Ligand code: ASP
């Protein structure tokens, strides 16, 4: 299977007939593209919501959109889902009456409450794959619909956050080697040992693609999306930023930050184990070479990109003698852990520590956390500081390259920008500067000019 390619097409690449036509062209351009994993239709010019969200809205009787303050009833979502698939079938000129009948039955099927959201959420991928496979055949590409249940893609019973059970890899390999032509596979879900549908976390079709690539030992995993690749800096902040042609798995992990996540992290894990390169490409711009993610590369540059994280807060705790108190930081972190809050950096001095976390996760809990720390730790200083931005230059070329931090700090000094927090781990492939948010744009510009441009 070494020469074969797994291609995964995201929601925007399969959102309407015009997009699916592009997918067909891409698949037929290279005969190694034998395994096609598809998402449910995403947003398009006439649909403001993803089909998966409508399906979850049906399962939760309208609660899903209500929680987002959107006035979309379950009935409206039902009409949207059925209407979307009917339109796809009509626009692609394929036979699909039976598909709509099966979909209708699934949408009305009685499923126990705790399994209902997963079952319905998976139907977008399930029926989009069937439609795409029929369209391929109609266009002369020999294709077979291969469902997770057909290939033994077995998952744990963690509904809405399922994991693949390792026996699946052998099952998948056996099934897919027997398919003649292109296998069209719905992403995002698997089947539990009891035969129920369970979905991965949101965006999980990337994960299906990565797991299939791993199982069949693919030569390449292509991830087709609607952006040209991973940019040096988020282009919404710096328009002239360019796509990075080659990155290591470690670098992409450091570069992807909230709001700029092109790729689901879990999807990389197994590809990394088998050194399967992941190629991020744009379905709408074949001229762009995309970003290829590999295990190793020879760095030509010191810094490849700069990640930006906004909305960071930090908890600052200071107590005389904390530096000699065994377990002080550990105990502090367990308070945060009890609230299920993710933390990201922990810069310390001798008797104090700052714990950096996502500001949005703090809503409604900051006062409680303060009260507990006040009571159990008797700190001399205790405060939450908000509206911090972390900028993190990244690049494997930075290791053992003296002076990068000096350059960065000088660029900021020249702009009169104060750095509030500094952190660098021993891996030396990235460092982190924290600023008050009002400095963020000019700090990013200054670092970009000095370290990348
Ligand atoms: N359709 C699912 C979602 O919207 C999975 C995916 O598109 O990857 O999260």
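Values for this structure:
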item: Ranked list, fewest to most other Cβ atoms within 10 Å of each Cβ, for 280, 165, 306; result: 165, 280, 306
item: Cα gyration tensor shape for segment 331-392, rounded if a/c is under 1.5, else prolate or oblate; result: oblate
item: Potential lengthening between residue 360 and residue 98 on full extension [0.36 nm per residue; Cα-Cα distance subtracted]; result: 89.8 nm
item: Most to least packed among 365-374, 47-56, 167-176 [average Cβ atoms within 10 Å]; result: 47-56, 167-176, 365-374
item: Residue 326/residue 367 FRET efficiency (R0 25 Å; Cβ-Cβ; nearest 0.05); result: 0.30
item: DSSP bridge orientation in the chain - percent antiparallel, rounded to nearest 5; result: 60
item: On Cα atoms only, tilt of 328-338 relative to the major axis of the chain in degrees; result: 30
item: In nm, spacing of pseudo-spin labels at residue 73 and residue 428 (7 Å Cα→C-beta vector); result: 6.5
item: Kirkwood Rh (inverse of mean 1/r, distinct Cα pairs), segment 206-354, angstrom; result: 17.9
item: Computed label-point distance, nm, for sites residue 111 and residue 416 using a 7 Å Cα→Cβ extension; result: 6.0
item: Antiparallel DSSP beta bridges within segment 90-220, percent to nearest 5; result: 50
item: Segment 1-115, Cα convex hull volume normalised per residue, Å³; result: 140
item: Percent RCO, i.e. relative contact order, over the chain, from Cα pairs under 8 Å lying at least 6 residues apart; result: 13
item: Between 0 and 90°, nearest 10: helix 404-414 axis offset from the chain longest Cα axis; result: 70
item: Least to most buried among 135, 231 (fewest other Cβ within 10 Å first); result: 231, 135
item: Distance from segment 171-205 to segment 329-344 (C-alpha centre basis), Å; result: 36
item: In range of the label at residue 149: residues from segment 80-107 whose backbone nitrogen is under 14 Å from the point 7 Å along Cα→Cβ; result: 102-107
item: Fully extended contour minus Cα-Cα distance, from residue 219 to residue 334, at 0.36 nm per residue; result: 37.1 nm
item: More than 15 angstrom apart: percent of Cα pairs within segment 48-114; result: 54
item: Principal-axis tilt of helix 17-29 within the chain, Cα atoms, nearest 10 degrees; result: 90
item: Cα coordinate range in segment 309-453, projected on the principal axes (Å, largest first); result: 50, 31, 26
item: Calculated FRET efficiency for the pair residue 170/residue 44, C-beta based, R₀ 30 Å, to 0.05; result: 0.20
item: Cα-only radius of gyration and Dmax that characterise segment 270-382, units Å; result: 20.9, 61
item: Cα-based equivalent ellipsoid of segment 103-256: semi-axis lengths in Å, sorted from largest, via gyration tensor; result: 29, 20, 17
item: Rg(Cα)/(2.2 N^0.38 Å) for the chain, N = residue count; result: 1.08
item: Distance between segment 149-170 and segment 282-310 - C-alpha centres, whole angstrom; result: 31
item: Cα gyration tensor shape of segment 256-307, rounded if a/c is under 1.5, else prolate or oblate by comparing a/b with b/c; result: rounded
item: Cα-derived Rg over Rh, computed across segment 101-156 with Rh taken as Kirkwood radius; result: 1.05
item: Likely footprinting exposure, 182, 199, fewest C-beta neighbours within 10 Å first; result: 182, 199
item: Approximate spin-label separation residue 163-residue 436, in nm, with each point projected 7 Å along Cα-to-Cβ; result: 4.4
item: Rounded if a/c under 1.5, otherwise prolate or oblate - segment 191-274, Cα gyration tensor axes; result: prolate
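Just so you know, all these numbers are worked out from the coordinates, no wet-lab data involved. Please read these numbers as outputs of a predicted model, since none were measured by experiment. Heads up, the Cβs are rebuilt from the backbone with ideal geometry, glycines too, and the neighbour counts pull from every protein chain shown.
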